[in-house]
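S.K.: Pasting a structure here, questions to come.
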Amino acid sequence: MSSHGKKNKKKVLTRRPRHVVGKEEKYRQERDKSDKEDEISEEEEKWLLSFPVAMWDLEHCDPKKCSGKKLVRHGLVKILRLGARFSGLVLTPVGQKCVSPTDRSIVQDYGCAVVDCSWARLDDTPFSRMRTPNPRLLPFLVAANPINYGKPCQLSCVEAIAATLLITGFPEEAKYYLGKFSWGHSFLELNDELLKRYSLCTNAEEVIAAQEKFLVDAREEKLNRHAVSDFPPTDSETEEEEEEEEEEEEEEKEGGEATPVKTISQIDKQVKDMHIG
């Protein structure tokens, strides 16, 4: 064998083993990279609001899908510990009063906060340890987040924060928060009419009245659609329905995120639950 061949053989034998990055490691690297980018932008975003936005994190949610944790990384939300008192407006199921434009001064002076917990574990959540003089409920709104898209009232943290800011007169700040998510604009589009109605009310009672009127109108619209649907479907309508059914079956097989539900059917259920109409 020539001296040239021996050198090549030696190089082959001493070649370093190839390092293959697994899916989990690759995700970790991307997450770390994202976290560093969030840290870099944190100082740039602190100036935006003149009031605090906070949350109690019960750690019920998947960190990869939690909108609240993403806002924390961007420096847009402060974490509160259990037992801590928050003087601003707090969105909580134990509230007795609905958010309304009259709450603007509370938000402006003391800020707003949310509780980051699972909808399936509300009974296990220690709401009594989240102290505030201003507990509030949100009126009827439809979720646009990928987990609960189209479902009434099951909003993510960022949707709840944005809704509060919009109703109390901080639209630019609300849009900025939603802008951190690719789907954020969908929340505004789904709830445009409702949010405009709520923001024009003068007190919590008017907000509830606007909510009830919307739900009643929605139910009547649904009944009218049913009346129209009594006629035999055209060929094009039948083809469209078959295509939609096939798409839904494919999505179920792939096991992806929660598929969008028909908002109108969810609204009808909400009306029945509230015994309206």
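S.K.: Filter the stretch 179-199 down to the residues that are in contact (Cβ under 8 Å) with a residue 12 or more places away in the chain and part of a loop (DSSP other than H, G, I, E, B) and list them by number.
M.R.: LYS180, PHE181, TRP183, ASN191, listed by residue number.
S.K.: Give the residue, chosen from SER156, SER128, that is under 21 Å from HIS60 (Cα atoms), among the polar types (S, T, N, Q) and surrounded by 22 or more Cβ atoms within 10 Å (Cβ to Cβ).
M.R.: Details: SER128 fails: surrounded by 22 or more Cβ atoms within 10 Å (Cβ to Cβ).
Of SER156, SER128, the one residue that is under 21 Å from HIS60 (Cα atoms), among the polar types (S, T, N, Q) and surrounded by 22 or more Cβ atoms within 10 Å (Cβ to Cβ) is SER156.
S.K.: Residues PRO135, PRO93: which one is touching a Lys or Arg at 6+ places or on another chain (Cβ under 9 Å) and of a type outside the set (Lys, Arg)? Full working, then the answer.
M.R.: Details: PRO93 fails: touching a Lys or Arg at 6+ places or on another chain (Cβ under 9 Å).
Answer to the selection: PRO135.
S.K.: If you don't mind, another one. With (1) out of contact with any strand residue (DSSP E or B) (no Cβ under 9 Å at 6 or more places or on another chain); (2) open to solvent by 50 Å² or more (accessible area, probe 1.4 Å) as the list, and CYS201 as the residue in question, which single condition is left unmet?
M.R.: The single condition CYS201 does not satisfy is (2).
S.K.: Another question, if that's okay. Given THR168, THR92, which one is open to solvent by less than 30 Å² (accessible area, probe 1.4 Å), modelled with pLDDT under 95 and β-branched (Val, Ile, Thr)?
M.R.: Residue meeting the stated conditions: THR92.
S.K.: Also: Within the stretch 105-125, is there a residue that is in contact with an Asp or Glu (Cβ under 8 Å, 6 or more places away or on another chain) and either open to solvent by less than 10 Å² (accessible area, probe 1.4 Å) or among the β-branched types (Val, Ile, Thr) (or both)?
M.R.: Yes - at least one qualifying residue is present in the stretch 105-125.
The values are calculated or read from the model by the stated rules, or taken from the named source; none is laboratory data. Remember, it's a predicted structure, so these values are computed and weren't measured experimentally. Cβ: placed from backbone, ideal geometry, glycine included. Neighbour counts: every protein chain shown. Note: areas computed on protein heavy atoms with side chains; ligands, DNA, RNA excluded. Shrake-Rupley method; radii C 1.70, N 1.55, O 1.52, S 1.80 Å.
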